[in-house]
Protein chains: 2
Amino acid sequence: MVSGRLLMSMALLILCGCQGTHSGNVLVFPGEFSHWLNMRVILEELVERNHSVTVLVCSASPSVNYTKPEGFSFKVYNVPFERHDLESLQEDFLNFWIYEAQNASMLQVGLKIREVLGSMTALHLNMCDAMFHNKELMDTLRQWEFDAVLSDPMMPCSDLMADALNVPFIISLRFTFGMTMERHCGQIPAPPSFVPAPPLTYTDQMSFFERVHNFVTYMIHSSFFSIHCLQTIDKYYSGIKGRPTTLCEILGKADIWLIRTYWDFEYPRPFLPNFKFVGGLHCKPAKLLSKAMEDFVQSSGDDGIVVFSLGSMIKNLTKERGNTIATALGQIPQKVLWRYSGEKPETLAPNTRVYEWIPQNDLLGHPKTKAFVTHGGTNGLYESIYHGVPMVGIPLFADQPDNIIHMKNKGAAVMVDFNKMTSKDLVDGLNSVINDPSYKASMMRLSRIHHDQPMKPLDTAVFWIEFVMRNKGAKHLRVEAHNLSW
Amino acid sequence: MVSGRLLMSMALLILCGCQGTHSGNVLVFPGEFSHWLNMRVILEELVERNHSVTVLVCSASPSVNYTKPEGFSFKVYNVPFERHDLESLQEDFLNFWIYEAQNASMLQVGLKIREVLGSMTALHLNMCDAMFHNKELMDTLRQWEFDAVLSDPMMPCSDLMADALNVPFIISLRFTFGMTMERHCGQIPAPPSFVPAPPLTYTDQMSFFERVHNFVTYMIHSSFFSIHCLQTIDKYYSGIKGRPTTLCEILGKADIWLIRTYWDFEYPRPFLPNFKFVGGLHCKPAKLLSKAMEDFVQSSGDDGIVVFSLGSMIKNLTKERGNTIATALGQIPQKVLWRYSGEKPETLAPNTRVYEWIPQNDLLGHPKTKAFVTHGGTNGLYESIYHGVPMVGIPLFADQPDNIIHMKNKGAAVMVDFNKMTSKDLVDGLNSVINDPSYKASMMRLSRIHHDQPMKPLDTAVFWIEFVMRNKGAKHLRVEAHNLSW
């Protein structure tokens with residue numbers, strides 16, 4: 001009887017906790033690739049909590065499969081280019097960055113970045129046109145009376161759309177280079193004395209000259225950002241608004257910035273009340289593996305396994321790189337599960353199995369897993385922190401070098417250079433993180449920090465999205481710095 | 001069956017949530033007066049969660065009744081002065097501040113502040129001596145192996161004791177003037193362009209000249225703080241440590257700063273990962289009143305009641321001020337419950353009852369309550385926000401003017417001047433907050449913000465105290481700015 005009463009009061013407590021939940025209507029601008037994988041976890045949770053979710057997606061999206069039925073719905077708008085155009089632009093840049101940039105001059109790299117940025121901006125403004133000049137779409141979106149917009153700023157004009165629909169909005173962001181968007185549009189302070197500017201490889205402990213370098217880096221990024229905005233985005237935004245405005249005026253209205261990291265990963269730094277750190281929101285306890293995979297994992301005995309993935313964007317390697325990696329993997333006593341969809345390397349050893357796709361989170365959570373070889377995407381990095389698996393990082397582009405440097409500085413990873421590494425480098429890296437217990441200990445320290453939060457990251461993210469819907473914004477968290485004149 | 005399973009899984013969920021709870025040993029340096037009332041709510045919750053709590057209190061404490069049995073225990077150390085010495089020092093200053101400062105010159109006020117600060121510092125260093133030169137006490141404290149120190153920096157040398165015992169520590173703080181301690185020892189940024197320096201009466205929207213004034217105010221406070229520390233505290237701390245050190249070096253080691261406000265009250269501003277805002281942690285739903293009090297409250301009919309308290313430190317008013325207040329209260333249709341232990345004013349009207357003590361939180365949570373007349377202490381202010389009762393503020397000293405100005409700027413209070421107010425001023429103030437619905441609406445907006453947090457303030461406070469005990473600190477939240485050289 002007593003335990004029955006106890007259970008009943010627990011149930012009541014839980015029910016009371018749900019009070020005030022309000023079924024809302026969310027419009028989502030998804031990112032692409034891993035950004036989309038991260039965001040869809042939030043969307044699934046919103047649907048689970050009875051909110052109505054509409055994903056606004058362009059017809060050429062490389063990652064969002066809007067033909068597959070989901071718990072949320074899609075609204076597709078047509079753009080005057082194909083999925084292939086986006087993909088080839090990106091592949092072209094990736095190949096340059098990974099294979100050619102190392103041997104190119106600063107000028108060549110600068111010109112390439114300018115060229116890609118130009119093409120990307122042109123495509124983005126095309127996407128914006130396809131939304132704002134589509135009367136049917138705009139009318140429909142207005143009629144649907146959304147309570148909030150959730151957007152990845154990788155998607156252009158989402159802030160402008162929230163403004164046009166007069167709906168509060170929430171941003172999901174990892175970071176921008178030089179933290180330009182966070183500093184200029186979000187008003188977050190970043191003292192150059194102890195907050196290193198990504199993509200610099202410094203920690204929060206810098207020498208005098210590193211601090212000067214850091215300061216100059218912030219300045220350079222700020223200048224490029226301002227010039228880029230002035231020349232293109234501000235002009236476009238002003239045209240749509242019908243009065244002079246800027247990207248930062250519109251984006252700065254964001255009610256909440258969901259940052260996809262936490263203090264397990266970040267160096268402690270000042271932030272603002274509307275910045276919420278939700279890194280690892282997609283992580284879950286491991287599920288059971290398929291029988292075949294579990295058998296292979298168990299066959300590793302006490303040596304355990306290594307999980308290897310360079311992410312979903314790298315589909316193929318050069319023959320030479322593929323063989324260098326395969327040779328290295330053949331020299332360790334562990335069994336290796338390698339996610340790779342390119343041509344099978346000739347030097348592939350019997351301890352290594354290649355898979356088109358692996359259940360990465362479930363493998364990282366397996367007790368036999370000793371190390372994770374990764375390009376260092378934020379999703380995989382957080383799965384590694386969540387499950388406490390030390391890493392060998394082979395960063396390629398975007399946030400990856402910054403991610404791996406953080407982990408290296410925190411003693412939880414070894415970093416190797418994708419282009420320059422020999423088989424021995426990779427073997428040495430793997431032996432270090434597997435056999436030197438300090439890597440595991442450091443990763444377990446980060447894992448404990450990650451798990452010891454007042455609230456789970458996904459719950460925090462959803463709380464603030466629901467807060468914005470319940471209260472039509474979160475203006476009480478937005479600093480007055482947004483309204484300061486020069 | 002299904003509902004049985006549901007209840008069982010809920011119970012399991014709750015049990016899982018409790019995993020990792022660790023019974024710790026906390027040493028507490030309590031503040032005095034309202035600070036103590038606030039802190040003891042945390043201590044009761046810690047005891048409730050099976051932690052062992054020891055309050056280290058000096059024999060002359062004016063507020064901490066260490067002879068009364070509590071769920072936590074007391075360790076008393078003797079000081080070479082009496083409770084009366086502390087009380088009379090404070091009463092002397094209060095009387096000067098409330099009744100004389102208005103007509104005194106800047107020089108007189110400055111000299112008085114210097115005199116009081118001097119006497120207070122001398123008493124404080126006496127208290128520190130009484131701890132650090134008491135071998136038996138120090139040995140006992142070392143033997144008890146505390147997991148954390150929780151302190152109100154109103155109590156001197158608590159940080160130095162945590163350092164001596166080599167125990168991580170947590171601070172509970174409302175603010176310091178000019179935010180000197182938070183800025184200098186906590187490294188919190190305070191941009192003078194939109195973060196007003198208490199006790200200035202500005203909001204986060206300042207004109208150019210107000211910003212200049214604000215900037216100068218920060219500078220002046222910083223200078224006084226630095227000089228005061230250099231002359232006395234740093235010297236004392238260096239003596240105890242046996243090497244040159246400063247207050248800010250020792251206090252800056254604090255793992256967590258529990259700030260006794262939240263964004264319902266604060267203007268949004270930058271902060272740091274180890275600053276946690278827990279304003280209103282002492283607030284609770286109202287309990288039933290005594291029969292006699294409930295009858296009196298109900299006799300007010302539709303007009304409702306007004307709750308009046310100038311706090312526990314003001315025991316007596318001048319006859320003239322008492323009569324001015326009593327006359328005003330007699331002119332409103334509401335019934336008034338006035339907490340006042342001084343001589344009964346001659347002009348007391350039949351609608352007003354005077355009490356030595358009132359159940360303030362229960363009265364503020366009563367549906368008949370229309371307004372709260374208050375000196376603006378932080379505890380009462382948060383009870384008002386919690387229950388959504390608009391305020392007439394009569395601030396006297398310390399944080400009270402700053403508190404009431406915040407509430408006034410947010411549209412939830414009228415402020416009147418204690419010395420200059422006529423009966424009409426008080427009546428006008430009361431009629432405004434009771435009859436102009438904008439005050440109630442503003443207070444309800446703040447109340448909604450207060451209640452709509454991811455976690456209750458008391459749970460947040462206790463979470464971080466427990467975190468510090470579980471993890472022997474929270475260094476991953478402490479910015480590197482602490483270690484920067486000039």
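The values are calculated or read from the model by the stated rules, or taken from the named source; none is laboratory data. Because the structure is predicted, anything quoted here is derived from the model rather than measured. Ideal geometry is used to build each Cβ from the backbone, glycine not excepted, and the neighbour counts take in all protein chains shown. Calculation scope for accessible area: heavy atoms of the full protein, side chains included, ligands and nucleic acids excluded. Shrake-Rupley method; radii C 1.70, N 1.55, O 1.52, S 1.80 Å.
Sites listed here are trypsin sites (Lys or Arg not before Pro) in the range A:226-297 whose DSSP assignment is loop and whose Cβ has at most 16 other Cβ atoms within 10 Å: A:K287. Extending 7 Å from Cα along the Cβ direction at B:E294 and again at B:D459 yields two label points whose distance is 3.0 nm. Stretched out straight at 0.36 nm per residue, the stretch from B:T422 to B:D129 would grow longer than its current Cα-Cα span by 100.7 nm. Database remark: amide H of B:L150 closer than 5 angstrom to the amide H of B:L27, B:V28, B:F29, B:I170 (H placed geometrically; neighbours at sequence offset of 5 or more, or on other chains; Pro and chain starts carry no H). Summarising the label geometry, the points placed 7 Å from Cα in the beta-carbon direction at B:R114 and B:R142 lie 4.1 nm from one another. Taking each DSSP H run with n ≥ 4 as -39500 (n - 2.57) and averaging over every residue of chain B yields -13500 deg cm²/dmol at 222 nm. Ignoring ligands, DNA and RNA and using a 1.4 Å probe, state the total buried accessible area between A and B in Å², rounded to the nearest 100. Using a 1.4 Å probe, the pair buries roughly 3400 Å². Ranked from shortest, the separations from the 7 Å Cα-to-Cβ label point of A:T121 to its equivalents in the other copies are 5.8 nm.
Sorted shortest first, the separations between the B:N134 label point and its copies elsewhere in the assembly read 7.5 nm; each point sits 7 Å from Cα along the Cα-to-Cβ line. Label sites at B:S438 and B:K75, each approximated as a point 7 angstrom past Cα along Cα to Cβ, lie 5.5 nm apart. In this structure B:F463 has an accessible area near 30 Å², from a 1.4 Å probe over the protein heavy atoms.
Projecting 7 Å from Cα along the Cα-to-Cβ direction, the label point of A:T203 sits 4.4 nm from its equivalents in the other copies, listed shortest first. Checking every one of the chymotrypsin sites (Phe, Trp or Tyr not before Pro) in the range A:141-187 against DSSP loop status and a limit of 14 other Cβ atoms within 10 Å picks out A:W144. Between B:S222 and A:R448, the C-beta separation translates, for a Förster distance of 35 Å, into a calculated FRET efficiency of about 0.40.
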